[in-house]
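Nothing in this text is a laboratory measurement; each read-out follows from the coordinates by a stated rule. From a predicted model like this one, the values you see are computed outputs, not experimental measurements. Here the Cβ is made from the backbone with ideal geometry for all residues, glycine too, and neighbour counts use every protein chain on show.
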Amino acid sequence: MEYGSSRNFSHTEFYLMGFSSLKERRRFLFIPFCLMFIFSMVTNSLLIYVIVKQRSLHSPMYILISSIACIDIVVPLWVVPRMLFAFASDVNTISRVGCLVQMFFVHYACSFQSTILFGMALDRYLAICFPLRYNDVVNLTNSLITVVVIVIRKHIIITAMISLVGTLTFCSSNVLYHCFCEHQLVVNLACGDTTKNYLAGLISFCVPTVDCFGIAYSYITIFVVIFRSAGGESRQKAIHTCSTHLMVICVVYFSSMIAFLSYRVKHAIPPDFRVLISCMYLLIPGCFNPVIYGIRTKEIREQITKILKGGKTVPS
């Protein structure tokens, strides 16, 4: 490991030393993380396959579910294979460019999680609170415009945030006690003024916070409307669907908030446990979300059951 003292010098690589206090036992982490990674890849791929093949599932709600599954595949792919390689080989270096690329794709993909969940809440809000206007509002044109605006917004915010990191000088330590390049930790290693970086990080954090308020408002309104309506099969179906979405929302937001708070109370949490929380944030949603949808969504459950029994999905 290199350590410089001049601010004219900047490290060209980093050392990702997460769980290094475990020493020789660190390599045994390969097994649980590998199993979780494989499970996440297989279940989310199966969920996407079912939704793509089954024509009756080509509705906004199921398209959003498949989008969540795509994120649950993409994010671990940028982190876990390299992490598993480090556990097995004890090679912990990553180039500065590789670190920035990993940081960009992880933060870029994760930034869509809350927005997609907000889209699911909004879809249910329109379907339950304004059923007669649902098809007029949720159409192909409006959907495409919304997607383009969201993608442009995310691209500008995340690109600006990572570009600012690329201009920093790392003249002191190049050791990250983590298993992947996380924005806040990398910025903490920089020399000089990092005010702009912290501001960019704060802005990127505000977006999911706004989405969270939108989700909360949507579901509060939905349940007020549901419980004021007459009972019946449609009411039970609405409650079942919304509660399924809320389970997924709780998994995503709980894991993300625990990871966020663990870096704000770092002195109260052991470093290894803090790294574990961050890694679980990337893997837990991918393991739980397809199980929740597979068990609680009848249409998806029936098609998955056919596949597991050796049959095929039936387009309808």
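For the chain, the tally of Lys pairs with Cα-Cα distances below 24 Å comes to 13, considering only residues 8 or more apart or on different chains.
With +1 assigned to the C-beta of every Lys and Arg and -1 to the C-beta of every Asp and Glu, and no other charges, what is the dipole magnitude of the range 13-304 about the Cα centre in debye, to the nearest 20?
On the way: 22 positive and 13 negative charges, 66 e Å.
Around 320 debye, computed over the range 13-304.
Rounded to the nearest 10 degrees, what's the angle between the helix 140-166 long axis and the longest principal axis of the chain, both from Cα atoms, 0 to 90? The two axes meet at around 10 degrees.
Rounded to two decimals, the Cα radius of gyration of the range 136-295 over 2.2 N^0.38 Å is 1.33. Of the two radii for the range 155-225, the radius of gyration is 1.19 times the Kirkwood radius, both from the alpha carbons; that is the Rg over Rh value.
From the P(r) of the range 78-187, could you give the percentage of C-alpha pairs in the tail past 23 Å? More than 23 Å apart: 48 percent of the Cα pairs in the range 78-187.
Let me check against my output: what whole-number percent is the relative contact order of the chain, with C-alpha pairs under 8 Å and at least 6 apart? Let's see the in-between values first.
Values: 352 pairs, mean separation 93.6, N = 316.
Relative contact order comes out at 30 percent.
Largest mean-square fluctuation among Ser172, Ser278, Ser255, in a Gaussian network model of the chain whose springs join Cα atoms under 10 Å apart, belongs to Ser172.
Relative to the longest principal axis of the Cα atoms of the chain, helix 60-77 runs at roughly 20 degrees. Note on the chain: with a GNM built from Cα contacts shorter than 10 Å, the maximum mean-square fluctuation among Glu24, Glu302, Glu182 falls on Glu24.
Given the peptides 71-84, 212-225, 108-121, arrange them by the average over their residues of other C-beta atoms within 10 Å, most packed first.
Numbers: 71-84: 20.3, 212-225: 16.1, 108-121: 22.1.
With the highest mean Cβ count within 10 Å placed first, the list reads 108-121, 71-84, 212-225.
Computed over the range 116-264, relative contact order equals 33 percent, with contacts defined as Cα pairs under 8 Å that lie 6+ residues apart. Shape call for the range 34-105 from the C-alpha gyration tensor, a ≥ b ≥ c root eigenvalues: rounded (a/c under 1.5), prolate (a/b greater than b/c) or oblate? It is oblate, given that a/c is not under 1.5 and a/b is not larger than b/c. The range 79-104 and the range 196-229 have Cα centres lying 33 Å from one another.
For the range 13-304, the alpha carbon convex hull comes to 140 Å³ per residue, rounded to a whole number.
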